[in-house]
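Chemist: Below is the structure I would like to discuss, written out as structure tokens.
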Amino acid sequence: MKIIHNKLQFVKDLIVIAAIICLIVWAILEKQYDLVYSFTALALLTMIGVICGYIWIKINRRRGIYPKKGQVTMADVKRLALNDHSILAINAYRAIHHVTLRKAKQEVNKIIAESLTET
């Protein structure tokens, strides 16, 4: 199941990249240079954000905060959520269950709320 999800994610990313390239080419052909600059800036900012996210995860893995690749469990999600690493907890939840960002946020918030009611 995980392999299928990774392949679908890859195909989705390729479609988005192809769409951006098509829009840039169309803008160049139509001499809409302000659109070219806008699409190029958007693509660069997106790439920088993705790279920064990967680096942040790698740093937290080296620090021992985030689990090793492929070894994420719900216990890790709960530990991260309760130790004020909610963004890492959301990322871990998404890695386990392959859900949307909104659904992962809701579930992590439920975990935090449940722990607050227990104490």
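The values are calculated or read from the model by the stated rules, or taken from the named source; none is laboratory data. Not measured: the values here are computed from a predicted model. Because the Cβ atoms are built from the backbone with ideal geometry, glycine has one as well, and the counts that use them run over all protein chains shown.
Chemist: Suppose we filter 50, 77, 72, 36 for residues that are closer than 28 Å to residue 109 by Cβ, surrounded by 10 or more Cβ atoms within 10 Å (Cβ to Cβ), not assigned by TED's automatic domain parsing to the domain that holds residue 110 and not small (Gly, Ala, Ser); which single one remains?
Modeler: Of 50, 77, 72, 36, the one residue that is closer than 28 Å to residue 109 by Cβ, surrounded by 10 or more Cβ atoms within 10 Å (Cβ to Cβ), not assigned by TED's automatic domain parsing to the domain that holds residue 110 and not small (Gly, Ala, Ser) is 50.
Chemist: I've got another one for you. Take region 68-95 and flag every residue that is hydrophobic (A, V, I, L, M, F, W, C) and without any contact (Cβ under 8 Å) to a residue 24 or more places away in the chain.
Modeler: Selection gives 74, 75, 80, 87, 89, 90, 95.
Chemist: To continue, here is another question. Report yes if residue 93 is out of contact with any Pro (no Cβ under 6 Å at 6 or more places or on another chain), within 18 Å of residue 114 (Cα to Cα) and surrounded by 16 or more Cβ atoms within 10 Å (Cβ to Cβ), otherwise no.
Modeler: Details: out of contact with any Pro (no Cβ under 6 Å at 6 or more places or on another chain): yes; within 18 Å of residue 114 (Cα to Cα): yes; surrounded by 16 or more Cβ atoms within 10 Å (Cβ to Cβ): yes.
Answer is yes for this residue.
Chemist: Among the residues of region 16-30, are any at pLDDT below 90, more than 30 Å from residue 117 (Cα to Cα) and assigned to a loop (DSSP other than H, G, I, E, B)? Working first, answer last.
Modeler: Narrowing region 16-30 to residues at pLDDT below 90: 16-30.
Add one more test, that the residue is more than 30 Å from residue 117 (Cα to Cα), and what stays is 16-30.
Of the ones still in play, those that are also assigned to a loop (DSSP other than H, G, I, E, B) are 30.
Within region 16-30, one or more residues are at pLDDT below 90, more than 30 Å from residue 117 (Cα to Cα) and assigned to a loop (DSSP other than H, G, I, E, B).
Chemist: Still on this model: For residue 66, work out the one condition from (1) within 27 Å of residue 17 (Cβ to Cβ); (2) surrounded by 14 or more Cβ atoms within 10 Å (Cβ to Cβ); (3) aromatic (Phe, Trp, Tyr) it doesn't fulfil.
Modeler: Unmet condition: (1).
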